[in-house]
1. Can you report the number of residues in the range 149-159 which are open to solvent by 70 Å² or more (accessible area, probe 1.4 Å) and touching a residue at least 40 places away in the same chain (Cβ under 8 Å)?
2. On the basis of being under 23 Å from LEU354 (Cα atoms), open to solvent by less than 10 Å² (accessible area, probe 1.4 Å) and either touching a strand residue (DSSP E or B) at 6+ places or on another chain (Cβ under 8 Å) or assigned to a loop (DSSP other than H, G, I, E, B) (or both), does LEU232 make the cut?
3. If the Cβ limit is 6 Å and pairs must be 6+ apart or interchain, which residue in the range 28-55 that is part of a strand (DSSP E or B) pairs with which residue that is open to solvent by 70 Å² or more (accessible area, probe 1.4 Å) and modelled with pLDDT under 90?
4. Looking at the range 70-81, which of its residues are surrounded by 15 or more Cβ atoms within 10 Å (Cβ to Cβ) and outside any helix (DSSP H, G or I)?
5. Kindly establish whether ASP437 is assigned to a loop (DSSP other than H, G, I, E, B), of a type in the set (Asp, Glu), out of contact with any Pro (no Cβ under 7 Å at 6 or more places or on another chain) and in contact (Cβ under 8 Å) with a residue 60 or more places away in the chain.
6. Can you list the strands (runs of 3 or more DSSP E) found entirely within the range 288-404 that contain at least 3 residues being crowded, with 21+ Cβ neighbours inside 10 Å?
7. Here are some conditions: (1) among the small types (Gly, Ala, Ser); (2) within 30 Å of ALA417 (Cα to Cα); (3) open to solvent by 50 Å² or more (accessible area, probe 1.4 Å). ALA54 meets all but one. Which one does it not meet?
8. Provide a single number: the residues in the range 192-223 that are outside any helix (DSSP H, G or I) and surrounded by fewer than 18 Cβ atoms within 10 Å (Cβ to Cβ).
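The values are calculated or read from the model by the stated rules, or taken from the named source; none is laboratory data. From a predicted model like this one, the values you see are computed outputs, not experimental measurements. Glycine gets a Cβ as well: all are built from the backbone with ideal geometry, and neighbour counts include every protein chain shown. Accessible surface is based on the protein model in full, side chains and every heavy atom, while ligands, DNA and RNA are left aside. Shrake-Rupley method; radii C 1.70, N 1.55, O 1.52, S 1.80 Å.
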Amino acid sequence: MGEYATRLVVGVGGRAGVSVSEVCALVEETLRAAGLPAEAVTALATLDAKTGEAGIAGAAERFGVPLIGYPAEELAAVEVPQPSEAVREATGTPSVAEAAALAGGGELLVPKRRSVAATCAVATAHAHDLRHHGDAEVLDTGGALVDLAVNVRSDTPPEWLKRRIADSLGDLAAYPDGRAARAAVAGRHGLPVERVLLTAGAAEAFVLLARALGAVRPVVVHPQFTEPEAALRDARLRVRRVVLKAADGFRLDPAAVPEDADLVVVGNPTNPTSVLHPADTLAALARPGRILVVDEAFMDAVPGEREALAGRMDVPGLVVLRSLTKTWGLAGLRIGYVLAEPEVIAKLAAAQPLWPVSTPALVAAEACVAPAALAEAEAVARQVAVDRAHLLAGLAEFEEITVSGVAEGPFVLIRVAGAAEVRTRLRALGFAVRRGDTFPGLDSSWLRLAVRDRATTGRLLQALDHALALAAR
């Protein structure tokens with residue numbers, strides 16, 4: 001299927017007597033406009049009663065894919081973005097094309113489009129598991145696997161940070177007071193405290209953004225961390241996707257984002273692609289009336305934090321998310337923060353529960369933005385760059401492996417035939433890596449590898465060589 005290996009289903013509807021040429025022309029134009037290749041289509045789907053339509057059946061035959069028919073009552077139970085009472089009265093379902101595309105359990109990529117006598121919509125063949133995270137690869141393994149699936153830095157937290165956190169335990173009888181930590185974060189970025197909100201990790205921030213800002217037309221740029229979209233969907237919002245392509249190095253063209261989007265979410269550097277988008281490219285997404293959310297959870301792993309937007313006050317509607325859990329190994333403590341205009345911060349804060357961040361987490365936040373900690377993080381970022389280069393050089397020796405995009409984060413996304421089998425064999429050899437098919441825009445041929453020290457990488461490359469050799473048999 002070329003660069004786009006995600007399987008697609010095209011839902012099709014049509015009036016009686018619709019021609020093969022009209023159905024095919026509509027489907028082809030819809031795919032072309034969305035940047036989706038026709039060879040990725042695995043089936044056409046429609047209402048049972050329409051499978052006998054010569055135009056629809058002939059279109060499936062021309063595309064060389066099966067035609068799937070669904071009973072009207074089954075399609076009527078599928079929630080669609082563009083329901084029509086007239087269509088419901090005529091067919092028993094409010095949208096034949098959209099419901100048929102979604103009936104297989106996938107996710108809508110292109111809503112209903114129309115020609116004179118036909119309609120079509122495009123969905124993935126299967127839904128992505130937005131709740132899957134790298135820690136699932138190492139749960140219940142008792143530390144038996146070398147963890148390359150989770151992007152938290154190994155051998156953390158450092159001893160000095162553990163001591164600071166431990167010293168705070170004597171204050172647990174008092175309610176948390178976040179003023180000092182909030183002021184420290186504000187000072188770290190040169191911002192007034194009114195532009196800072198402390199959160200229980202970036203995950204809480206995504207929930208607050210989805211529920212508190214009143215967005216109605218959110219867009220998420222993929223492939224990226226899936227929690228933002230999951231939070232938006234949990235808030236019963238219909239999410240549109242802009243899917244970046246491996247063939248383009250997963251680079252973002254601001255023009256690809258729909259102009260009417262009132263909330264846009266993008267990661268920088270992006271998990272899992274490790275691509276660092278230029279700050280000017282992201283700033284170009286800002287619009288009056290739009291919230292631009294930039295997830296900079298891994299920005300402190302980039303030397304000099306180049307292309308960071310944190311601290312900028314000249315970009316309207318900008319919301320920057322930061323996490324302190326990755327570089328400092330605090331995933332179990334849950335601490336992060338939001339930087340935004342005071343009005344946005346006030347709305348998010350109003351949606352938070354009382355005392356959302358614990359005293360130990362507040363102490364950690366204050367400690368991790370101190371000058372000495374920032375200097376240590378910068379040194380770590382420079383070492384990560386060296387270790388990543390070593391990993392990439394080793395991966396380049398494998399003809400079977402492709403790295404798309406320029407990696408700038410503490411992880412690398414690779415593409416390899418038979419990735420699921422390779423991943424299983426790596427587990428048997430003692431290494432856990434992150435599957436890629438749960439990220440929208442990727443499929444089962446992708447794996448994400450955390451950057452580790454040279455010795456660990458050397459052992460990984462040996463195991464990878466062995467796993468590939470076994471998979472080739």
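1. 1
2. Values: under 23 Å from LEU354 (Cα atoms): yes; open to solvent by less than 10 Å² (accessible area, probe 1.4 Å): yes; either touching a strand residue (DSSP E or B) at 6+ places or on another chain (Cβ under 8 Å) or assigned to a loop (DSSP other than H, G, I, E, B) (or both): yes.
It is true that LEU232 is under 23 Å from LEU354 (Cα atoms), open to solvent by less than 10 Å² (accessible area, probe 1.4 Å) and either touching a strand residue (DSSP E or B) at 6+ places or on another chain (Cβ under 8 Å) or assigned to a loop (DSSP other than H, G, I, E, B) (or both).
3. THR42/ARG7; ALA43/PRO66
4. TYR70, VAL78, VAL80
5. Against the criterion (assigned to a loop (DSSP other than H, G, I, E, B), of a type in the set (Asp, Glu), out of contact with any Pro (no Cβ under 7 Å at 6 or more places or on another chain) and in contact (Cβ under 8 Å) with a residue 60 or more places away in the chain), ASP437 qualifies.
6. 291-295, 318-323, 336-339
7. That leaves (2) as the condition not met.
8. 4
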